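Asker: There's a structure below that I have some questions on.
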Amino acid sequence: MAARITLTLDSTDAQVLAAFWKTALGYIDEPPPPPFATREEWFAQFDPPEDDLPEHGAWLCDPDGVGPYLSILNVPEPKTAKNRLHMDIRVPGNGSPDERWARIRAEAERLVAAGGSVLEEVDQHHVVMADPEGNEFCVAATAA
């Protein structure tokens, strides 16, 4: 059986980043693991320091259970370099290269409206973007 993975993003504001990635990926808040009724109850079991609050993290999942889990955790230091790992958001659909490029650009525009930014458009193939905290990702089409 294949292992499930969780991608973890460091953040200065986990809730802002969580809102962006829920919009970008169509993800939802991951329910707390049994037997906990709330994420706060789950978090309290670790006896965290007083200044470490549940809202300093966010846990997201694909509602269809297909994509990887996404954890977003506040850290004290800012992002200082390019990601060594990044996500690609793939827009579905077939069609001509111009039609695929139009879908890619439309998705990039949607993500700019959600708080992302365009860093570069590459040869009508993909758009390099950054989330609200500067984490790079790409928007591209699914394989034709």
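Here, each number is a calculation from the coordinates, and none is a lab measurement. Since the structure is predicted, the reported quantities are computational estimates derived from the model, not experimental observations. Virtual Cβ from ideal backbone geometry, glycine too; neighbours counted across all protein chains shown.
Asker: How many nm separate the modelled label positions at residue 5 and residue 96, each set 7 Å beyond the Cα in the direction of the Cβ?
Answerer: 3.7
Asker: Then there's this: Quick one: longest stretch of the chain between exposed loop trypsin sites (Lys or Arg not before Pro), exposed meaning at most 10 other C-beta atoms within 10 Å and loop per DSSP?
Answerer: Longest site-free region, per DSSP loop and neighbour criteria: 5-81.
Asker: Considering only DSSP beta bridges where both residues belong to the range 87-141, give the percentage that are antiparallel (nearest 5).
Answerer: Given both bridge residues lie in the range 87-141, the antiparallel proportion sits at roughly 65 percent.
Asker: In debye to the nearest 20, how big a dipole does the chain give about its Cα centre with +1 on each Lys and Arg Cβ and -1 on each Asp and Glu Cβ?
Answerer: 620
Asker: Test of understanding: ordering 8, 80 by Cβ neighbours within 10 Å, fewest first, what list do you get?
Answerer: Listing 8, 80 from fewest to most nearby Cβ atoms yields 80, 8.
Asker: I would also like to ask the following. Only counting other Cβ atoms within 10 Å, I'd like 125, 56 sorted with the fewest neighbours first.
Answerer: Ascending Cβ contact count within 10 Å gives the list 125, 56.
Asker: Work out the charge dipole of the chain with +1 on the Cβ of Lys and Arg and -1 on the Cβ of Asp and Glu about the Cα centre, then indicate which of 101, 113, 48 is farthest towards its positive end.
Answerer: Highest projection toward the positive end goes to 101.
Asker: Sticking with this one: Tell me which label goes with the value of Rg and Dmax of the Cα atoms in Å computed from the coordinates here: (i) 22.4, 77; (ii) 14.0, 46; (iii) 16.9, 56.
Answerer: Comparing each candidate, only (iii) matches the computed number.
Asker: Between residue 37 and residue 124, what is the label-point separation in nm under the 7 Å Cα-to-beta-carbon projection?
Answerer: So the label points at residue 124 and residue 37 sit 5.8 nm apart.
Asker: Next question, about the same structure. Provide the per-residue ³J(HN,Hα) series for the range 2-8, in order, calculated from phi with Karplus coefficients 6.51, -1.76, 1.60 and θ = phi - 60°, each as a whole number of Hz, with x at glycine and proline positions.
Answerer: Those phi angles translate into 6, 7, 8, 10, 10, 8, 10 Hz.
Asker: Among 93, 115, 134, whose mean-square fluctuation peaks in a Gaussian network model of the chain (Cα, cutoff 10 Å)?
Answerer: 93
Asker: Show me, for the range 52-65, the HN-Hα J-couplings you get by feeding each phi into the Karplus relation (A = 6.51, B = -1.76, C = 1.60, θ = phi - 60°), rounded to Hz, glycine and proline as x.
Answerer: Couplings: 9, 10, x, 6, 7, x, 9, 10, 10, 8, 6, x, 8, x Hz.
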